[in-house]
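Visitor: Okay, handing you the structure first.
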Amino acid sequence: MKNRVVKTICPYCGVGCGLSVKVHDDQIIQVKGDDEHPANRGSLCTKGATIDQIVRTPNRLTQAQFRMDRSTPFAPVELDDALARVAGTFKSIIAEHGRDAVAFYVSGQLTTESQYVFNKLAKGVIGTNNIDANSRLCMASAVSAYKLAFGADAPPTCYDDIELTDCFFILGANMAECHPVLWQRIKRHAARRKARCRIIVVDPRRTPTAEGAHLHLAIRPGTDVAFLNAMLHIMISQGWISERFIRNHTEGWEKVYQMAEAWSPSHVAKICGISELEIHRAAFWFGHSSEALSFWAMGANQSTQGVAKNLAIINLHLATGKVGRPGSGPFSLTGQPNAMGGREVGYMSGLLPGFREVTNSRHRREIAAIWEVSPRRIQSKPGLDSVRMFEAMEAGRVKALWIVGCNPLATMPDSARVKRALERVELLVVQDCYHPTETSALAHVLLPAALNLEMEGTMTSSERRVSLLQPCVQPPGESQPDWEIACRFAALMGHEQQFSYSCASDIFEEHKRCCSGVHSLQMDGISYRRLRRQPVQWPCADHASHGAARRYRRKVFATANGRAIFHVTPYSDPADLVTEDYPLVLTTGRLAHQWHSRTKTAHVAKLNALNPEPFIAAHPEDAQKLGLADGDRVRLVSRRGFARSVLKVDDSVRSGTVFMPFHWGQSAGENICVNAVTHGKADPVSHQPELKFSAVRMEAA
Ligand SMILES: Nc1nc2c(c(=O)[nH]1)N[C@H]1C(S)=C(S)[C@@H](COP(=O)(O)OP(=O)(O)OC[C@H]3O[C@@H](n4cnc5c(=O)[nH]c(N)nc54)[C@H](O)[C@@H]3O)O[C@H]1N2
Ligand SMILES: Nc1nc2c(c(=O)[nH]1)N[C@H]1C(S)=C(S)[C@@H](COP(=O)(O)OP(=O)(O)OC[C@H]3O[C@@H](n4cnc5c(=O)[nH]c(N)nc54)[C@H](O)[C@@H]3O)O[C@H]1N2
Ligand code: SF4
Ligand SMILES: [Mo]
């Protein structure tokens, strides 16, 4: 057989790099960056470059498996048999306990088509809004903030703004490790512009990103809102704001102006544990540069102040008029490869496709018409968000859970609680590409999913760019694209007609209909045929036009009166109390060469050589106070549980703060999972849990 070259998209992060994959005889023989893809122009990071090794692993789940109870081993079954059993149990649970006794937990790592179909299955067919996504742990706060400030979700910016800005303001994002290809672009641009371009990084750790910055503000974890309010305070007092922009294009300024007055830099310097001068410098560079581009990720979103942090960043852009023009704007980074697709299809518990809400009766009617179901099928009350979904399972209210593309036992906060919840449900269905994972080991039914590299579909990157995935190799065994499994199930539930798609493109066309007429999300100009030639950004009204690289160019926002809205952002302390018993702050996060719970990266020798094992990083002063030395076995104890690892004495974390990566789940060793320590308290608006702040003590293990 001849070699073929297939163009597809990296299955890892939200940068959305194009891949050019050489295939021989159903085997990937070479992976390169796609020179023509605008996200990466040929570049790749270590993860993208090694995807050939995650495809044919010994633990690929290639067949459906079933067991009556968790004490017996799994037995292989035909996929349709497995689905028939799931359908039977779903029906009897619904008959006895109602539709909300079942729930779905889905993923930003699925294609848009799969996300769309699962959402339709839950909200339209079964009639429960109990479908939520791992995005709740990831970008829920950004979604809420964009809607509040601009009237519609999604960043107004694009990657090409990188080469047009004078100031990068990076807060709570470690781009060098988590969005490496974008970071390379930032570094290249800054090097070219020399003193005319500044990089500011706000992070309690001196990450590789902070090492590459001109100014690193190592604020105390959780104090961002105070810091951002002080930046606004300085910009107002120095006259670096744009009164014209504020007057003509915004509302709510008066209250924010008054609020900012209270946040003097001297006061805030104490709260944040940095010097006043540093705040002045950051404000000067942001306020004084012609253009400023803000990037943020989990250091902002994963917080009980997640929405306020987002809004406080957006306030800076609105106050200076640095939005809706090339080189400027607020740019939240999506983490997963297709978290943005999930936003389009509305796969979280309160949303419907096309930026609609379940609480809005017109929205329900519009979507019910497209789904060909009765509008009464779609419930008007938001379903359970992820954290509450697991609480409801623990309490026995949710009795069946179907997980698609998530590993919550390893990745949700407070894993003891997650385990109790998963063990209590009468039916746990896990649809994954691999088995065992921490979560799949507790399942009753396993459904074999194809990998992104084995299917057609679309994914949308951080910059709203839709790219086409094309199958490089065949899915092994009986594994199938997630959407096909959902459609087969829907047929068994008596809804064959509404799920009679012959290919992924049929689903995309239906998804487009949901977005048609929604000005800020139009996709009418995007089709598989067009995507085969090149990826396209939305909104894109028709085939003749390019997708919009930037939004709000005319300074007309998606709010009712077209004005962007300032929001008052009061500062409050994180939820978990730091006390004598729990004197340290644990923050958690990522390493450059591992991906989440490692179901994929564990198979790649090169990546494991680079980030071989878990550790707990602590400042030398904190280690010394406790009489601990580098390499000691230690454990972190919180009010929920503990996690152990090897101590890495490291002055790159602030004194008083410790850091542990969350890549190693329970299967990597006993008591090794950091999420045994974290808690589920969440932002009151976005319901995103505070994975970046837990009070702990450290002790010798
Ligand atoms: N290599 C790799 N890349 C990935 C992933 C991966 O697993 N591995 N996952 C992808 C996904 S899903 C996501 S969501 C993104 C996440 O990308 P990032 O958000 O960049 O990654 P994190 O390490 O979770 O957190 C970022 C930083 O927030 C800092 N931080 C903690 N608390 C605070 C705080 O209170 N304030 C501020 N300002 N900063 C704080 C941490 O020290 C950390 O350096 O990465 C994506 N890319
Ligand atoms: N302590 C702490 N915890 C965190 C975070 C943190 O910063 N700190 N970050 C949070 C964030 S931002 C995120 S996004 C979550 C991620 O949380 P998860 O999504 O739960 O983590 P993954 O390990 O990526 O799990 C994905 C699962 O889906 C499978 N999978 C991959 N691709 C597919 C597919 O195409 N189809 C199917 N059916 N299965 C697939 C994988 O094998 C794996 O088992 O973790 C969160 N948890
Ligand atoms: S930067 Fe992200 S999308 Fe690009 S190759 Fe690396 S993991 Fe893949
Ligand atoms: Mo994420």
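Bear in mind that the values in this text are calculations on the coordinates, not laboratory data. This is a predicted model, so every value here is computed, not measured. A quick note on method: Cβ atoms are made from the backbone with ideal geometry, for glycine too, and the neighbour counts reach across all protein chains shown.
Visitor: From the residues T599, L182, H519, which one has its Cα farthest along the dipole of the chain in the positive direction, the dipole being from +1 and -1 charges on Cβ of Lys/Arg and Asp/Glu about the Cα centre?
Guide: H519
Visitor: Under a crude label model (7 Å from the Cα following the beta-carbon direction), how far is V5 from D581 in nanometres?
Guide: 6.3
Visitor: Would you mind getting me the FRET efficiency between H24 and R554? Use the beta-carbon distance for r and R0 = 41 Å, nearest 0.05. It would help to have the intermediate numbers written out before the result.
Guide: Values: r = 51 Å, r/R0 = 1.23.
With a Förster radius of 41 Å, E is 0.20.
Visitor: Just for the chain, what percent of DSSP beta bridges are antiparallel, to the closest 5?
Guide: In the chain, DSSP labels about 50 percent of beta bridges as antiparallel.
Visitor: Starting with the highest mean, order 38-51, 324-337 by the number of other Cβ atoms within 10 Å, averaged over the residues of each peptide.
Guide: 324-337, 38-51
Visitor: Classify the stretch 63-134: rounded, prolate or oblate, from the alpha-carbon gyration tensor (a ≥ b ≥ c, eigenvalue square roots; a/c under 1.5 rounded; otherwise prolate if a/b is larger than b/c)?
Guide: Oblate.
Visitor: By count of other Cβ within 10 Å, fewest leading, how are F118, F557 ordered? Numbers along the way, then the final one.
Guide: Details: F118 29, F557 24.
By the 10 Å Cβ count, ascending: F557, F118.
Visitor: Still on this structure, I have one more. Give the relative contact order (percent, whole number) for the stretch 584-700; include only Cα pairs under 8 Å separated by 6+ residues.
Guide: Here the relative contact order equals 36 percent.
Visitor: Figure the gain on full extension for D573 and K91 (residue separation times 0.36 nm, minus the Cα-Cα span) and round it to one decimal in nm.
Guide: 169.0 nm
Visitor: Further question on the same structure: How big is the chain by the Kirkwood estimate over distinct Cα pairs, in Å? Don't skip to the end; give the middle numbers.
Guide: On the way: mean 1/r = 0.0392 Å⁻¹.
Its Kirkwood hydrodynamic radius stands at 25.5 Å.
Visitor: I'd like the FRET efficiency for N561 and F642, computed as 1/(1 + (r/R0)^6) with the beta carbon distance as r and R0 of 45 Å, rounded to 0.05.
Guide: Computed FRET efficiency for N561 and F642 comes out at 0.30.
Visitor: A further question on this structure: Can you grab the distance from the C-alpha centre of the stretch 668-699 to the C-alpha centre of the stretch 468-514, Å, no decimals?
Guide: Between the Cα centre of the stretch 668-699 and that of the stretch 468-514, the gap is 36 Å.
Visitor: On full extension of the chain, what length is gained from A541 through R67, given 0.36 nm per residue of separation minus the C-alpha to C-alpha distance?
Guide: Working: separation 474, 0.36 × 474 = 170.64 nm, distance 4.92 nm.
Result: 165.7 nm gained on full extension.
Visitor: Report the extension gain between L215 and R376 in nm, rounded to one decimal, defined as 0.36 nm multiplied by the number of residues separating them, less their alpha carbon distance.
Guide: Extending this stretch completely gives an extra 52.5 nm.
Visitor: Follow-up. For the pairs K2/K22; K120/K399; K7/K120; K47/K309; K309/K692, flag any whose C-alpha to C-alpha distance is greater than 18 Å. Intermediate results must be reported in sequence, preceding the final value.
Guide: On the way: K2/K22 10 Å; K120/K399 20 Å; K7/K120 29 Å; K47/K309 30 Å; K309/K692 13 Å.
Violating the 18 Å limit, Cα to Cα: K120/K399; K7/K120; K47/K309.
Visitor: Let me ask you something else. Pull out a ≥ b ≥ c, the square roots of the eigenvalues of the alpha-carbon gyration tensor of the stretch 584-700, then state rounded if a/c is under 1.5, prolate if not and a/b is larger than b/c, and oblate in the remaining case.
Guide: Working: a/c = 1.66, a/b = 1.05, b/c = 1.57.
Oblate is the answer for the stretch 584-700, as a/c is 1.5 or above yet b/c matches or exceeds a/b.
Visitor: Roughly speaking, what % of Cα-Cα pairs in the stretch 274-367 are separated by over 15 Å, rounded to a whole number?
Guide: That tail contains 72 percent of the Cα-Cα pairs.
Visitor: Can I ask one more? Taking a cut-off of 25 Å between Cα atoms, list the lysines near K194, but don't count ones fewer than 8 places away on the same chain.
Guide: Candidates past the 8-residue exclusion: K322.
Visitor: In nanometres, what is the gap between the two model label sites at E78 and A416, each 7 Å from Cα along Cα-to-Cβ?
Guide: Going from the E78 label point to the A416 one covers 4.6 nm.
Visitor: How do the peptides 230-237, 185-192, 278-285 rank, highest first, by the average count of neighbouring beta carbon atoms within 10 Å per residue? Before the final figure, lay out each step's value.
Guide: Values: 230-237: 22.8, 185-192: 16.4, 278-285: 20.8.
Final packing ranking: 230-237, 278-285, 185-192.
Visitor: Between E254 and E496, what is the FRET efficiency for a Förster distance of 41 Å, r being their Cβ-Cβ separation, to the nearest 0.05?
Guide: So the FRET efficiency works out to roughly 0.10.
Visitor: Where does each of 261-272, 161-172 land if you order them by average Cβ count within 10 Å, highest first?
Guide: Taking the mean over residues of other Cβ atoms within 10 Å, the ranking is 161-172, 261-272.
Visitor: While we're looking at this one, here's another question. Would you mind ranking E291, E423 so that the residue whose beta carbon has the fewest other beta carbons within 10 Å leads the list?
Guide: Starting with the residue having the fewest Cβ neighbours, the order is E423, E291.
Visitor: Mind sorting Y434, Y105 by how few other Cβ atoms lie within 10 Å of their own Cβ, fewest first?
Guide: So the residues, fewest neighbours to most, are Y434, Y105.
Visitor: Right, here's the next one. Using the Kirkwood radius over Cα pairs, work out the Stokes-Einstein diffusion coefficient for the stretch 122-216 at 37 °C and 0.692 mPa s, in µm²/s as a whole number.
Guide: Value of D from the Cα-based Kirkwood radius: 210 µm²/s.
Visitor: Under the rule a/c < 1.5 gives rounded, and otherwise a/b versus b/c splits prolate from oblate, where does the stretch 145-333 land using the Cα gyration tensor?
Guide: Here the stretch 145-333 falls in the rounded category.
Visitor: Evaluate the distance, in nm, between pseudo-label points positioned 7 Å from the Cα of S361 and of R247 along their respective Cα→Cβ axes.
Guide: It works out to 4.3 nm between the two label points.
Visitor: Please report the spacing between the Cα centers of the stretch 403-460 and the stretch 1-80 in Å, no decimals.
Guide: Value for the Cα centre distance between the two parts: 18 Å.
Visitor: Given the DSSP H assignment, sum -39500 (n - 2.57) over each helix run of at least 4 residues in the chain and divide by its residue total; what's the result at 222 nm in deg cm²/dmol, nearest 500?
Guide: Rounded to the nearest 500, it is -9000 deg cm²/dmol.
Visitor: To continue, here is another question. Pairs of alpha-carbon atoms within less than 8 angstrom and 6+ residues apart define the contacts here; what relative contact order does the chain have, in percent?
Guide: Here the relative contact order equals 20 percent.
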